[in-house]
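**Q** I'd like to ask some things about the structure below.
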Amino acid sequence: MREPGVHQHAVVHEMTQTEIDQRVFDLYDEYCHGRIDRREFLARAASIAALGATGLAMAQALLPRYARAQSVSFTDPRIKASYVTYPSPGGNSGTMRGYLVQPSGQGPFPVVLVIHENRGLNPYIEDVARRTAVEGFLALAPDGLFPAGGYPGNDDDGRALQAGLDPAKLRTDLLNSARFLKAHAMSTGKLGATGFCYGGGTVNFMAAALGSDLQAGAPYYGVAAATESVARIKAPLLCHLAEHDERINATYPAFESALRAAGVAHEVHVYPGTQHGFHNYSTPRYNEAAAKLSWERTIAHFRRYLV
């Protein structure tokens, strides 16, 4: 049975990245990070001089279409997926929930935490967890919104819910998720972490917070960790940045200097012609070549340090 609205969405989605004005991408970045709401994003895109109705169409094309963003089915025979709950002392509710995806086979497996953007555990992040498990890692994608009722089924409400949580307690919930995964019965004890946008920044934070308990990190366009915390980082970092992402990229020169001074193994890749969010294949910000290359590098990084 066709999912309602999929055909209509597919038509809108045909607008490609090269057809979308950079000013609309910049507005979308403001919207994604909660600085303007959906109504203002659409209105301002439509009001850009010389774009008019085309600006509105560009804006609408950037909204995620999750029905088109599944690369590994939840019924794929190579994996076994389930939702799990676990204690989270000091977090927003004392309990957390996550999407645990186990590779086929007996295990134990090296483990990878997959951290969502600023809107909770949406279908794209669940798909990334499945993709990680297909590569032989036990993956956990925690839902930071679980204490507020969980991911609500759409990104606008998810973003509002996440903004309403205590941010320090949310980080505690994600740290507890990492510890739960590392200690899991199916874990080898080798822990990696990847994340996107907010999740990428959390990987950098987590690397400092966990120290030698994290074996590898692969943040995507995440804000750098506080410079004074860098000396505590022990995990080799593989950082992926978009070319057109001024706010995030501005945090990296000082971060890289601190990483070098602390002797932390790290690589920083900037992908030409890309926008913030280029790995997320549910919107035209997706850049196929950069997403593929960055993911291959991420899996190679985890194989090198976790297997």
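The values are calculated or read from the model by the stated rules, or taken from the named source; none is laboratory data. Here the structure is a predicted model, which means the values were calculated and not measured. Because the Cβ atoms are built from the backbone with ideal geometry, glycine has one as well, and the counts that use them run over all protein chains shown. When the accessible area is computed, the model is the full protein with side chains, heavy atoms only, and any ligands, DNA or RNA have been set aside. Shrake-Rupley method; radii C 1.70, N 1.55, O 1.52, S 1.80 Å.
**Q** Sorted by mean Cβ packing within 10 Å, highest first, what order do the peptides 277-288, 133-144 take?
**A** Details: 277-288: 22.5, 133-144: 25.3.
Going from most to least packed, we get 133-144, 277-288.
**Q** Note down the relative contact order for segment 212-307 as a percent, whole number, built from C-alpha pairs under 8 angstrom at least six residues apart. Let's see the in-between values first.
**A** On the way: 145 pairs, mean separation 27.7, N = 96.
RCO, segment 212-307: 29 percent.
**Q** Return the calculated 222 nm mean residue ellipticity for the chain, to the nearest 500 deg cm²/dmol, obtained by summing -39500 (n - 2.57) across DSSP H runs with n ≥ 4 and dividing by the residue count. Intermediate results must be reported in sequence, preceding the final value.
**A** Details: 11 runs with 121 residues, N = 307.
The helix contribution divided over the chain gives -12000 deg cm²/dmol.
**Q** Still on this model: With every protein chain left in place, what is the accessible area per residue of the chain in square angstrom, probe 1.4 Å? Numbers along the way, then the final one.
**A** On the way: 13050 Å² over 307 residues.
Accessible area per residue: 43 Å².
**Q** Please report, for the Cα atoms of segment 162-261, the Rg to one decimal and the Dmax as a whole number; what are they, in angstrom?
**A** Calculated on Cα positions, Rg and Dmax stand at 13.5, 42 Å.
**Q** Label segment 66-220 by shape, choosing from rounded, prolate and oblate, from the square roots a ≥ b ≥ c of the eigenvalues of the Cα gyration tensor; if a/c is under 1.5 it is rounded, and otherwise prolate applies when a/b is larger than b/c, oblate when it is not. Please list the in-between numbers first.
**A** Details: a/c = 1.59, a/b = 1.14, b/c = 1.39.
Oblate shape, in that a/c is at least 1.5 and b/c is the bigger or equal ratio.
**Q** By average Cβ neighbour count within 10 Å, what is the ranking of 175-183, 18-26, 157-165 from highest down?
**A** Values: 175-183: 20.6, 18-26: 15.8, 157-165: 17.3.
The peptides rank, most packed first, as 175-183, 157-165, 18-26.
**Q** What order do you get for 120-127, 92-99 when each peptide is scored by the mean count of other beta carbon atoms within 10 Å, highest first?
**A** On the way: 120-127: 23.1, 92-99: 19.5.
Highest to lowest by the protection proxy: 120-127, 92-99.
**Q** Would you list which aspartates and glutamates come within 14 Å of Lys182, measuring only between C-alpha atoms, while excluding same-chain residues fewer than 8 positions from it?
**A** Partners within reach: Asp213.
**Q** Could I ask something else about it? Roughly speaking, what is the stretch gain from Asp157 to Ser71, that is 0.36 nm per residue apart minus the C-alpha to C-alpha distance, in nm to one decimal?
**A** Full extension of this stretch gives 28.5 nm more.
**Q** So what is log10(I(q)/I(0)) for the chain at q = 0.09, 0.12 1/Å, when the Debye sum runs over its Cα atoms only?
**A** -0.43, -0.77
**Q** Just to confirm a number: summing +1 for Lys and Arg and -1 for Asp and Glu over residues other than His244 whose beta-carbon lies under 14 angstrom from that of His244, what do you get? The partial results should precede the final answer.
**A** Details: positive: Arg23, Arg247, Arg285; negative: Asp21, Asp26, Asp29, Glu30, Glu243, Asp245, Glu246.
Local charge sum for His244: -4.
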